[in-house]
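Input: a single structure, listed below in structure tokens.
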Amino acid sequence: MPTGLLPAAGFAALVAVGGLITCFPSIAEATTAVTVALAVTGFVAAWPLGGRDFSWWPVLAAVGVFLMYGAPVIASGEATFAGYIKLDDTSTWLAFTDHVLTYGHGTGGLNPSSYEAVVQINLSAGYPLGAFIPLGVGHELTGMDAAWLFQPYMALMAALMALVFSEVARPVIPDVRTRAAVVFVAAQPALLIGYAFWGGLKEVATALLVATLAASAAWLADPDRSVSLRSAIPVPVAAGAALIGVMGLGGVPWLIAVAIGVLVLVGIEAATARRGRGGAGTGRPVPRTRTFLMRAGLAGAGIALVGLPTVLAAGQFFSPDQGPLTSGEELGNLIGPLSPAQYVGPWPVGDFRVEPGAVWVTVMLVGAGLIGAGVGLYAALLRRSWPLLLLVAGTGLGSLIVWSVGSPWVQGKALAAGAASFLLLAMVGIAVLLTEPRLFAGKGKGEVREQQAPDRYRRESAPTAGLLRTLRLAGALLLVVPAGVLASTVLAYDEAWLAPRAQLAELERIGEDFAGQGPALMTEYQPYGVRHFLRQLDAEGSSELRRRSVPRRDGSEAQKGAWSDTDELVLDPAREGLLTYRTLVLRRSPWQSRPPSPYVPVRRGEYYDVWQRPGAFDSGDLIVHRSFGTPEDPGATPACARIAAVASKAGPVGTVVAAPAPETATSDFTDHPSDWVPDPAAGTLTPLSDGSAGAEVTLPSSGEWRVWIGGSVRGEVSVTINGVEAGSVRNRLNNHAQFIELDRLTLERGLQRIEVDYRRGGMPRPATGAYPFGIGPVVLTRRDRQDRLIRLPSADSDRLCGRRLDWVEGLR
């Protein structure tokens, strides 16, 4: 087996064997143990490990590719992942990863929760799980949460693809250093990088496995190789079965395309032999059709035997909704249908879903890429580089099949999965023009013919120096292609959406510390919390995929992505209200009310507070819960009559419980740069340039105040109050209606002058580009204890008159 193919073959075997094991829920937990056993067996069987054709240059290229795919996370200095908020699919991938090595494709035995819902709905529809098995194995081997391994895992797959590319390009580019440069660029087409930077796990896995399948299939059929049956069959079987495990029946078009390519390859070799240009004249053996058909049949049977059980494990083919897969109107998370020109490789814009601003530059890059690909195709034919041709044709035809029947959303995935192979062909063409231009001027078309020709013939057919210079100049001009590819990667790096590591790590700790103490509720839209980190609490989100309705008091249900205050939710457990949940995991916010009296704080964190009620709780004891305030201020001073009404419902022997509300002051922006976009309804400003905005707020009392700023920050935001620094924050993304807590200041009552300074920053910091988010408002809250409650006999409820309260309850 070619050295560069070995790691990718091992990856494919891990997916294929793991997929077969996880078809049986009772033994799914043995997947990691079996994987380790296979790896140890492989080392023992191959010992000593020397004797292989090895060079460090392909390894360096693969490391470079790994660094490019991991660049935003690596440069951030935190183990996190890209694509946060932009696409929440990664939270689903993490849920699948958590599930597959424990339950396989089974969905029984899970308590109702957002995690259970996302797993059950998708897996019962046959969703393929192959791409998540290596990630799960990595989690179990390292003990690290899968969320922190997610981006390295995708980068590793891209690096393995680069190693396969190096082997595939070897016949055309024998110089190992040139080949390393070629595959370094080819493995990072803008579209595949873009998908990887928003969690496109399956697209990267598909690109790797199709490359592995094509390379191994060509190796199987190449008549120049005397390959034993035992050596030839396992790799294409593993790659093909893994492709089915990752894509389900969606991988079949690529299997068919590669199979067609292999048949064409054998036909070409047979025709060549019959015309007399093979056999003894060139040393090329005549293809043995019967042997090939036997091998092809065994490979196909092996793929079906290992791969199809993963498709059938859930009892039906994956098709939760044919609309998203085939509808011409279904865009998914795209803005519009992607351009086929993105298949070429370069696409100089930070977000692959939009058209680049410099249209003429894009046209030039795409045109140069097409020319390079044409040259690469000619060079591959001259050098009879069947693996490269099979890779390009197999991925291209497979992507075309998927494109022809899929929705725009699916078409984008097809383009991404095949773009790297096309870019490899273009880079091969450019490299040959620069390093071996004689190939196109009569030499290199057949090394055997040239070796047999007399010196006089070779001198007469030697290309002129002028022609060689022209070819090299053409290659130099085509270097705009790799330049465009690298520029596209840099732009995507600048516009990455990085997940807030510290915030999610706090959820991870909460999930570990309170495991089994559910069900739990999050009122913030936080799919990574309820689908992954808090899965052991049977958590649900009030605006997330869930089993319980969690109705609001106005009769509605929270829309996806929305935040709800606990006072906005129905309490009655009989109506699946708030009191259904033993544990509340609430995002810290100046607008968050204190939960009802049955809940007590059990943990205060930097980002989240955890509240719990007793496990054995009679909700009938809580007769009435009356909240005050507004959405922007949970507290108010209610009229005495409203308090008395609550007391009357509690009865003469009942109890009144009140939650004092800390003072809250929300600022209004008074001035800002002319190009900043205000949103008066939300109280935000969207900064389109560096600058400062002014705001004012009046404080009702003197004392220590917490400073908060709403929204999300891409660059850096600093807040000063009366010239005193109140804190700063850089690159923090928030979901809807959430705040960033800054410092605490001691302030005097009265008017306060606030300044909000925004600096976008830029390279080398990642994730500072793209259209900025709205920031604001600035909110100040008194540092009072929110857990303190006032309990009075209902007859003494008038003692609450004139006090600032969050809510009042009447208890039996």
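Need at least 3 residues that are under 27 Å from residue 806 (Cβ atoms) and in contact with a helix residue (DSSP H, G or I) (Cβ under 7 Å, 6 or more places away or on another chain) per element, so show me which strands (runs of 3 or more DSSP E) inside the stretch 631-724 make the cut, counting only ones lying wholly within it.
Answer list for the stretch 631-724: 655-660.
Condition check: among the hydroxyl-bearing types (Ser, Thr, Tyr) and either touching a His at 6+ places or on another chain (Cβ under 6 Å) or open to solvent by 30 Å² or more (accessible area, probe 1.4 Å) (or both). Does residue 102 satisfy that?
Taking the combined requirement at face value, the residue satisfies it.
Working only within the stretch 464-503, note down all residues that are aliphatic (A, V, I, L, M) and farther than 24 Å from residue 763 by Cα.
Listed by number, the residues that qualify are 465, 467, 468, 471, 473, 474, 476, 477, 478.
Within the bounds of the stretch 137-159, is there any residue that is closer than 23 Å to residue 268 by Cα, without any contact (Cβ under 8 Å) to a residue 12 or more places away in the chain and out of contact with any Cys (no Cβ under 6 Å at 6 or more places or on another chain)?
no
If the Cβ limit is 7 Å and pairs must be 6+ apart or interchain, which residue in the stretch 456-480 that is among the basic types (Lys, Arg) and at pLDDT 70 or above pairs with which residue that is surrounded by 13 or more Cβ atoms within 10 Å (Cβ to Cβ) and in a helix (DSSP H, G or I)?
472/433; 472/434; 472/437
Filter the stretch 767-796 for residues that are assigned to a loop (DSSP other than H, G, I, E, B) and open to solvent by less than 10 Å² (accessible area, probe 1.4 Å); which is modelled with the lowest pLDDT?
769
If a residue must be open to solvent by 10 Å² or more (accessible area, probe 1.4 Å) and in contact with a Pro (Cβ under 8 Å, 6 or more places away or on another chain), how many such residues does the stretch 370-385 contain?
Number of matching residues: 2.
Run residue 309 past the list (1) modelled with pLDDT under 90; (2) crowded, with 17+ Cβ neighbours inside 10 Å; (3) out of contact with any Pro (no Cβ under 9 Å at 6 or more places or on another chain); (4) not in a helix (DSSP H, G or I) and report the number of the one that doesn't hold.
(4)
Among the helices (runs of 4 or more DSSP H) confined wholly to the stretch 202-279, which include 3 or more residues that are open to solvent by 20 Å² or more (accessible area, probe 1.4 Å) and at pLDDT below 90?
Correct list: 229-232, 252-274.
State whether one or more residues within the stretch 412-426 are at pLDDT below 90 and among the hydrophobic types (A, V, I, L, M, F, W, C).
no
Output the qualifying pairs, or none if there are none: Cβ atoms under 7 angstrom, residues six or more apart or on different chains, first residue in the stretch 409-429 and of a type in the set (Val, Ile, Thr), second residue open to solvent by 10 Å² or more (accessible area, probe 1.4 Å) and at pLDDT below 95.
410/325; 410/402
Looking at this structure, is residue 103 within 25 Å of residue 536 (Cα to Cα), aromatic (Phe, Trp, Tyr) and modelled with pLDDT of 90 or more?
Considered against the rule, which asks whether it is within 25 Å of residue 536 (Cα to Cα), aromatic (Phe, Trp, Tyr) and modelled with pLDDT of 90 or more, residue 103 comes out as yes.
May I ask you to say which residue of 571, 537, 545 is farther than 19 Å from residue 86 by Cβ, touching a residue at least 24 places away in the same chain (Cβ under 8 Å) and open to solvent by 20 Å² or more (accessible area, probe 1.4 Å)?
That would be 571, the only listed residue that is farther than 19 Å from residue 86 by Cβ, touching a residue at least 24 places away in the same chain (Cβ under 8 Å) and open to solvent by 20 Å² or more (accessible area, probe 1.4 Å).
Using the structure shown, decide if residue 651 is surrounded by fewer than 18 Cβ atoms within 10 Å (Cβ to Cβ) and closer than 30 Å to residue 621 by Cβ.
The answer is yes for residue 651.
Inspect the stretch 145-162 for any residue being over 20 Å from residue 203 (Cα atoms) and either surrounded by fewer than 22 Cβ atoms within 10 Å (Cβ to Cβ) or among the basic types (Lys, Arg) (or both) and give the result as yes or no.
yes
The values are calculated or read from the model by the stated rules, or taken from the named source; none is laboratory data. Predicted model, so just to flag it, every value in this text is computed and none were measured. Glycine gets a Cβ as well: all are built from the backbone with ideal geometry, and neighbour counts include every protein chain shown. What goes into the accessible areas is simple: the full protein's heavy atoms, side chains included, and nothing from ligands, DNA or RNA. Shrake-Rupley method; radii C 1.70, N 1.55, O 1.52, S 1.80 Å.
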